[in-house]
Structures are given as C-alpha cells and as structure tokens.
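Here's the structure we're looking at; comments come further down.
Every read-out reported here was derived from the displayed coordinates using simple, explicitly stated rules and does not represent laboratory data. A quick note: this is a predicted structure, and the numbers were derived from the prediction, not measured. FYI the Cβ positions are ideal-geometry reconstructions off the backbone, even for glycines, and counts take in every protein chain you see.
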Amino acid sequence: MGVSTLEPEGCLGTLYSHPQTTVLRLTSFPDGHETEDQAEGTNVAKYVDRGWCATESAWSSLTKAGALSLDLGLMRDGEEYDYYSLRHECTKGGGRRPPLLPSAFAAELETKSFTNGKDDKPLVKQLYEAAFEEQFGKATKLDYRGLGWGNAEAAQLAEVLASGAVPRLEELDLGDNKIGDEGFEALAAALGKEGAVPRLEQLYLEGNKIGDEGCKALAAALGKEGAVPRLENLHLRFNKIGDESCKALATALGKEGAAPRLETLELGFNQIGDESCKALAAALGKEGAAPRLETLELGFNQIGDEGCKALAAALGKRKEGAAPRLRWPYLEGNFQIGDEGCNALAAALGEEAAPELDALELSQSSLSRIGDEGCIALAAALGKEGAAQRLETIYLDGNSQVGDEGCKALAAALGKEGAVPRLKNLYLRDNQIGDEGCKALAAALGKEGAVPRLVRLSLPENKIGDEGCKALAAALKEGAAPSLKTLLVDGQPAELAALFEEQGAVECKELVAVCEERGINLPMQTELNYGFLGWGDAEATQLAEVLASGPRHWKLDLEGNKIGDEGCKALAAALGKEGAAPRLKELCLGRNQIGDEGCKALAAALGKEGAALRLETIYLDGNSQVGDEGCKALAAALGKEGAVPRLKNLYLRDNQIGDEGCKALAAALGKEGAVPRLKNLYLRDNQIGDEGCKALAAALGKGAAPRLVRLSLPENKIGDEGCKALAAALKEGAAPSLKTLLVDGQPAELAALFEEQEERAAPRLEELWLNSNKIGDEGCKALAAALKEGAAPSLKMLDMGFLFLFHNKKPELVAVCEERGITLR
C-alpha cells in the first residue's frame, strides 16, 4: 500500500523535492565539533551513510535548480560568501548529485543505516518513489546548469530521461558543466528514444567538453523521425565540435522531417572550419530543410571566405524554399573572413536573400579583415530598393581597415530615401575613417528622409578630427537624424580634449553645443585603450594633457608601447593632479621602457592623498628596467595608509627587482591598513633571492595581505633558505586565503611545505607550480608521501613542468595524484 502525499511522511517528501523550496544541507560537523569530541552514544555516522539524510539529499536532487539545494558542508572556514560564490562553493565536488531512478535509489538505500532502531527502508522507498513521480511527472523545466557534472552524472540523468519519467519536459539546461563525449552519447541516446521527451523545446548544452563523437551521437538522434519533434532551440556554444561532427549534424538537419520546429542553432566558439560550413550550407540549401530555422550562430570558429561564400549561396536559395525563415548567419570571430566573403554576403543581401534581416553583424569580433572593398560591396547591396527594409542595426566596429572610401559608399547608401528606413543603430567604432568619410556621413544624415529613426551613432577610435566633427555638428544643427539620442565620437589624443566640455575645450565646441541644444547624449570616453600602438614619450605626454583635463576615466591601458621615463613622468604628473583621475581603477603600463625614474614619479603620484582611491589593478610587467629603487618608491606609496585602499592586483613580473626592492615591498605589505584587499601579487622573473623571500615570508607571517589568493615567485633566485622561510610561515597560518603558490626551489624544501600534516599548512592551496626545477626521485617521493597523507587538502593542480610530464614521470606521484583527483602537468 502506497503512502499518501497528504500524510505527514508524504508531505515531507514534497517539502524537500518541490522545485520552489530551498534545501540547505549541513553534511559535516562545524568547527569545534569534531567526531572524536562527541559524547559517548552520540550518533557520529557520516551524513552520506545515514538513511534519512541520504533520502533528504536524494529528494532535493530531483528537479530543483542548482542554487536551491546547497551542501553547506563544502563551505570553507573564514571565507566570506555572497550569493554567487556560495552557490558555486556548495554545488561543486559532488555537492549536487543528479537524480536517481527509484530502482537505483532503492539499491543505494540498502547500504545506509537508520539510527532509530526501526527498519524504515520500505517506507522510505515508497516515499522516494512517490516524490519522484510527483515532481518529474509535472516538470516542464530541469535546470542543472553549472554543477560541475561530468560523464557519470550525465549518464545517470540519461537513465531518468530514457525511462519516460519526464513526459512534459520542455526545457533542459545542462550548460557550463564538464560533460564530454561519453556522457553526451548517453544523453543523445535518451533524447533519440521515441516518446522519451516528446515536448522538449529548449536544449542548453553550451560550455561543456562535447567533441566530435558526442555531436555525432546528437546528429544521429536528431535524424530519427519522431525524436524531439518539438525542439526549437539547440545551444552548443563553447564545446569542442569539429568538422566531422558538424558535417554529421548538417546531414541530419538536411533530412526531411528532422527537427521540424528548430528555430535557433548555436554553434559558436567551437572548431568548425570551411568544410563543415559548406556541408551545413548545403543542407540548409535543400528545399524543405530546417523550415523554421531563423538564427544560425557560428561565431568564433575557423570559417574563412570559402565557408562564408557557401553560406551566402544557401541564402540565395531562399526564394526556392530553402531555409525560408533564416535571417542571417552570425559569423563574428571568424577572423579568416575578408572582403571576398563579405562580397558574397553582400551579393546575397542585394538579391533580397534576407528580407527579414534586422541586424547585420560584421564587427571586429567577426569579419575583422573587411576593408573598403567589402564595405563598398555591402553599401551597394544596402542601397538596392527592398534589400534591407527591416534592418535596424549595422555592426562594423573594429574592422580597423574600413576607411574614408568605404564610409563614403556606406553614406551614399544610407542617404538614399527608403534604403534602410528602420535603421536605429550604426556602429563604426575602431576603423580608419577620417574627416572625409565623416563629412560624407554627415551629408547623408542631412538629406531629407535619410535614416529618420537613427537613435545611436558610434564613431570613436577612428581618425576623425576637427573638420569631421564640425560637419557632423552642422548637419545635426540643421535637423539631421531627428531621432538621434546618443553620439559617440572622438579622435587622436590632440582631439580628445575637445570632448571634455567645461574643461577648456575649443576644437569641437560646435558639436558639444548642438548636442546640448538637441538633447543628444554625447558620452565622454571612459576607457583609454592605446596598447601596442608603438607610442613613445611624445604621445604619452600628449595623452597626459587629456588625463589632466577630464576626470572621467576608469581605465588607462598603454601596454606594449615604447614609453620611457619621460613619458611616464608626464603621465604621473597628470594623474597626481588633484581630482585628475578619481575614478581610475586599472592602470596598465606593462611592456614599455620605463625605468626606476619613471616608476618613482608614478609612485609619488599614487602616494598623494586621494589620487588613487579607486585603483584596483597596477600593471608594470615587462619593463625590464624597473629595479630596486623603483620598487622601493612604489612600496613607500603602497605603504601609506589609505593611499590605495582598493588595490587587488599588483603585477611586477619580468623586471629587475632584487632583494632590497622585495624587502621594501614586504615592509609595505606588513603595515596595518596598507593594501588591505590585495589578492594577487606577481613577482615572477625578477632578481629576488633568499633574503627578499624571507622578508616576504615574515610579512605574511605577521598577518600581511590576509586576502592574498595568488603569490607568484618563480624564475627568481630563491633557494633553500627562502623556501624554508615560506614553508614555515605557511605552516603557522600565514596567508590564510592563499589558493595558488608559484615558486621554484630545490626538492628538499618541497616536502617542508607539507610537514606535520595535523597542522594542515596551506589548507586552501589549490595550485602548486614547481616547473623549471631539477626535482629528482627523492623530492618526488617526499611530495608523493605528503600528498598521500592528506597534505594540501584543497590541492587541485600540481605543475611539475613539461619535461617531467613527458620524460621523467615518477609512478608514486602519478598514482597519488590520480587517487586524489589532482591534475598533474
């Protein structure tokens, strides 16, 4: 006789399994309540071994979303959590299991114990089966996203799906897990079983490890008549799908009756090339294939001009009944596509191959080799009557090669009355457009009836100067683009100052005035990204004038230039002015030619009261000339209480910092209130030896940098003494939040990090990098023995270097890493 859900026990099952309740499971004893400390007769059985606890866990693993069943036993002592970090911490590592069939639960229950002296197993089995049928019988959505599930969990879920237990399921979300081919083959077999999930409409599988074999299995399932007959959206982004499996998928979609309701197919961020793209295009080009497909997303793959031309040809067959609803293929991030591919797409567009097209995506993250030729072809297509009647957005950002000629052609097309009557957004950021192109665009906007609905025009990071800005201002003053609400425009450093009204701007005052008059939002540039442009001191000095004139920037990126001490001094002087950069969060000056003098000037600026209150990240990597003197000055600034209270990341890799500089830095970190939020300290590839390392260890031992998560010290001159000092500090509880330690050193000291395991040195250490050393048999044996005894309980990754991995594997270390699930590389 079954148990009614109206009875108390039945209600208990509903309470734990209901998709709208939250279950918090305390699966381990809190601090100070260890098993051995409990009074005699106290139940000290493990959570997973207790019958009712296991049942509660199984109930809460049925149909709940991931965040609604949390294993609080996975929380770490002393860690501060917000909602998202708590969810992540308490669902990983088995914190949230997949659902079990009643038969599987019954078998597992036989291994559990009940402490009330009664045999509750028959009752519990009935209760579980009742809850299983109740929840899965009415479930329309299963959300198992981001739970760290792999092949085993996927196979377990596949058993439930294949059983037909979820007849009403409409949405299945398994995104952001670790499911590979084996697990996905099991899932595909379940989905392909007729009647298993007859109402499934949405399938989210992005962010897994699905490769060719898994995708082939899915293709086989989709190709079966009657399998997932209502599937509308299939999401497969961020996997490892290549040409072979994509061809199989194309073959399946080309079959008449396969996925008859499919509307969206996302395959971005995989390994798809021209050959599979051709196969996909051929399938879509068949009459009756994918009759409802509207969105085909292929961004960030390896598609070139040939694949692009094939897709364009498929679009051209729409009039013959092929993929009649397909709007436009998304091809962002396929950097091999250039003018030739763009010409083919433009030709298809001009033949009214995409009458429903509302967004044309050809931005920097897409066809980034498009130049004037491709833009001219595109403009010719847009200018044809009826070609783009519904087009609302054009993305041509960041192609870096569209210049004045391309912009003129585009302007001519936009200027034709009725050519793009619904255009709302035009993005041309980060190209090579100058004054002539901007003038042509301004003239087009000024024509009666041209782009009457344009709301946003984006033109920054081009070569537009005074003349172009004045032409825009004149057109807008005469009523051009009557719906315009936002205009983004700037120029080179000399012209940037013109955008900072109320800061003495003169060059573009006409544009500022007319935008104010018409109520058009003219945002000021908040990110200055000028990395890898070959700039030297002159350009840095010019840019410094902009910094001094407008306190609006939160990021300054000048990485990879040729800026030396003089340029750095100019920038420092600007940053040091009161109120110059109160919002600055990120300062990147890495890979330049800055030496100690420039670093001193920068340190002086940062040390001024109120100058860097919001600064979170400093990059000074790879200057090669910053040594002890520069580091001492920087340390002095950091050591001032309240100078950089929000600093989280300090990058000083690949410089010439030695022991003296490291000592000064250690002293600064040890000062109360200095850099209280520091999480990442990168000192790799300097000249730091044992003395510097000892000073750093001493500072950490005194409570410095309590939030430090990552400490990087390899490729210095640290030997035995420095390693021992670090080991001793960690053993005493230094750096309690440390998760990753990168350090060279000799093998004898490695074991020291793990001595006296009862004290659990570095309990949160997740990564240990020991590459580029000369570790032999003895060191490996010591390390293996320590790990076998439970050392570094949170360790997930151990890097011993390339040569070790391929030529010198030590069986003891390999075995213990496999046993504990530690990635060894």
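Quick notes on this one:
- Computed helical MRE - 222 nm, the chain, DSSP H runs ≥ 4 contributing -39500 (n - 2.57), nearest 500: -11000 deg cm²/dmol
- Sites GLU287 and GLU182, calculated FRET efficiency, Cβ-Cβ separation with R0 25 Å, nearest 0.05: 0.10
- Under 20 Å from LYS121, Cα to Cα: lysines that are on another chain or at least 8 residues apart: LYS46, LYS112
- Over the stretch 646-717, Cα pairs under 8 Å with separation of 6+ residues give a relative contact order of 41 percent.
- Extension gain (nm, one decimal) between LEU15 and LYS702, 0.36 nm per residue minus Cα-Cα: 242.4 nm
- Take every Cα pair under 8 Å whose residues are at least 6 apart in sequence, average their separation, divide by the length of the chain, and the relative contact order is 4 percent.
- When peptides 263-272, 533-542 are ranked by their average number of other Cβ atoms within 10 Å per residue, the highest-first order is 263-272, 533-542.
- Spin-label model, LEU26/ALA104: points 7 Å from Cα along the beta carbon direction are separated by 3.0 nm.
- Out-of-range pairs (alpha-carbon distance over 26 Å; input LYS724/LYS788; LYS555/LYS702; LYS141/LYS255; LYS408/LYS470; LYS569/LYS702; LYS309/LYS447): LYS555/LYS702; LYS141/LYS255; LYS569/LYS702; LYS309/LYS447
- Translational diffusion coefficient (Stokes-Einstein; Kirkwood radius from C-alpha pairs) of the chain at 37 °C, 0.692 mPa s, in µm²/s: 106 µm²/s
- Rg and Dmax of the stretch 102-148, both derived from C-alpha coordinates alone, stand at 13.9, 40 Å.
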